[in-house]
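The values are calculated or read from the model by the stated rules, or taken from the named source; none is laboratory data. Please read these numbers as outputs of a predicted model, since none were measured by experiment. Ideal geometry is used to build each Cβ from the backbone, glycine not excepted, and the neighbour counts take in all protein chains shown. Side chains are part of the model used for accessible areas, which takes the heavy atoms of the whole protein and leaves out ligands, DNA and RNA. Shrake-Rupley method; radii C 1.70, N 1.55, O 1.52, S 1.80 Å.
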Amino acid sequence: MKKHSKTFCQHCGKLIAKQPYVSMGKTYCSEHCQLKTNDVCAGRNEMFNLLVETLVDALDLREHETGLHSKRVACHTLVLARRFISDMDRLQQIYWGALLHDIGKIGVPDAILLKPGPLTASEWNELRMHPERGYQLISQIPGLTEAADIILCHEERYDGEGYPRGLQGDQIPLGARLFMVIDTLDAITSDRAYRKGASFDVAKAEILDMKGSQFDPEAVDAFSAEEEILREMVAVKCQRAFSVL
């Protein structure tokens, strides 16, 4: 006689004797337990949002432009991510990863991070360690695994010429590949102490020119498809917290 596998409630852990209540592929003994699970998840995400925003604010205390840049690129990266991903949890991870991409710069000495002039070769080597340092910090936090991978890989290139591991193509997480395009967009269009930001069209030309080398072709295609909304966001220098909902 064939034995039936036992089914347990995803929330309370009780053995489900009758027909289970099913939601999003998970089983519960009742709708009440399913709703309680949603409450717990919502509370956890709220806690992570507060943690991530606080970490970015801490970095902003050291280098103000880094904090503003992080908030903008997190907001803009989600515009591209929604073309590939519908799962809310994954979108949240991409948002957090983009927001925290420079968190490893907390470990970079002020003499390098805030240096007004060009960096020496040794100073560049020190600065280039920030993806690994950021990963080491964030990967220790349960629930931020995918975000940590984006932090580690955000300086890679599609052609394998980036750092720290020289990954290429699909070896680079999708969130990081999308982020690379947005990071360049914001870097070119934002003011710096030594220059004024360029126009959206200048950034667009650079991004299209690097399609297939620095950038994933699919990420660039998504950028082109979302050009209208990205133009608007760049024009107002969007810095608001962005919802994945």
Count of residues meeting criterion [assigned to a loop (DSSP other than H, G, I, E, B) and hydrophobic (A, V, I, L, M, F, W, C)] in the range 198-224: 2
In the range 142-163, the residues that are surrounded by fewer than 16 Cβ atoms within 10 Å (Cβ to Cβ) and at negative phi: 142, 145, 159, 161, 163
Identify, from the list 63, 31, 46, the residue that is open to solvent by less than 60 Å² (accessible area, probe 1.4 Å) and either among the β-branched types (Val, Ile, Thr) or at pLDDT below 85 (or both). 63
Could you run through the range 89-119 and say how many residues are more than 21 Å from residue 58 (Cβ to Cβ) and within 24 Å of the chain's Cα centre (by Cα)? 4
So residue 245 clears everything in (1) at pLDDT 95 or above; (2) out of contact with any strand residue (DSSP E or B) (no Cβ under 6 Å at 6 or more places or on another chain) except one condition, right? Which one? (1)
Looking only at the range 223-231, decide whether some residue is within 26 Å of residue 117 (Cβ to Cβ), surrounded by fewer than 22 Cβ atoms within 10 Å (Cβ to Cβ) and either among the basic types (Lys, Arg) or in contact with a Pro (Cβ under 7 Å, 6 or more places away or on another chain) (or both). no
Give all pairs with beta carbons closer than 9 Å in which a residue from the range 82-97 that is without any contact (Cβ under 8 Å) to a residue 12 or more places away in the chain and within 19 Å of residue 229 (Cα to Cα) meets a residue that is open to solvent by less than 20 Å² (accessible area, probe 1.4 Å) and among the β-branched types (Val, Ile, Thr); count only pairs at least 6 apart in sequence or on separate chains. 82/244
One residue is enough: does the range 120-133 have a residue meeting the conditions under 23 Å from residue 216 (Cβ atoms), more than 18 Å from the chain's Cα centre (by Cα) and either touching a residue at least 24 places away in the same chain (Cβ under 8 Å) or open to solvent by less than 20 Å² (accessible area, probe 1.4 Å) (or both)? yes
Residue list for the range 172-212, filter: open to solvent by less than 30 Å² (accessible area, probe 1.4 Å) and either hydroxyl-bearing (Ser, Thr, Tyr) or in contact (Cβ under 8 Å) with a residue 60 or more places away in the chain (or both): 175, 176, 178, 179, 181, 182, 184, 185, 186, 189, 190
